[in-house]
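Enquirer: This is the structure, below, for whatever I ask next.
Since every read-out is calculated from the coordinates, none of them should be taken as a lab result. Everything numeric in this text was worked out from a predicted model, so none of it was measured. Backbone-built Cβ (ideal geometry, glycine too); neighbour counts: all protein chains shown.
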């Protein structure tokens, strides 16, 4: 098995987080890495759009069964996407703009 195959089968889980600014969360993962994510650019649509209410956004919790973040309205993000955020964020923003007619 080469390194790429091993990496593609890794299961990432969020192990801890802290809100560091409005809509911005610093995450720690089970592989020892960290990621700081500003979620504001993806907060559009019927589920994630609700999280523009900062009071709701700040109610985020660690969903321990799946190792990801979850909000009271059911919004969550795959922990692998969170782990590899820089590789996914542009596509997520583009999809949300297209789906929800965001300028």
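Enquirer: Quick check on residue 20: is it surrounded by 17 or more Cβ atoms within 10 Å (Cβ to Cβ) and free of Cβ contacts under 8 Å to residues at least 40 places away in the same chain?
Expert: no
Enquirer: Those residues that are over 12 Å from the mean Cα position of the chain (by Cα), surrounded by 12 or more Cβ atoms within 10 Å (Cβ to Cβ) and more than 20 Å from residue 67 (Cα to Cα), I need them from segment 26-46; list them, please.
Expert: 44, 45, listed by residue number.
Enquirer: Let me ask something else. Among 17, 66, which is the only one that is assigned to a loop (DSSP other than H, G, I, E, B) and touching a strand residue (DSSP E or B) at 6+ places or on another chain (Cβ under 8 Å)?
Expert: Working: 17 fails: assigned to a loop (DSSP other than H, G, I, E, B).
So the residue among 17, 66 that is assigned to a loop (DSSP other than H, G, I, E, B) and touching a strand residue (DSSP E or B) at 6+ places or on another chain (Cβ under 8 Å) is 66.
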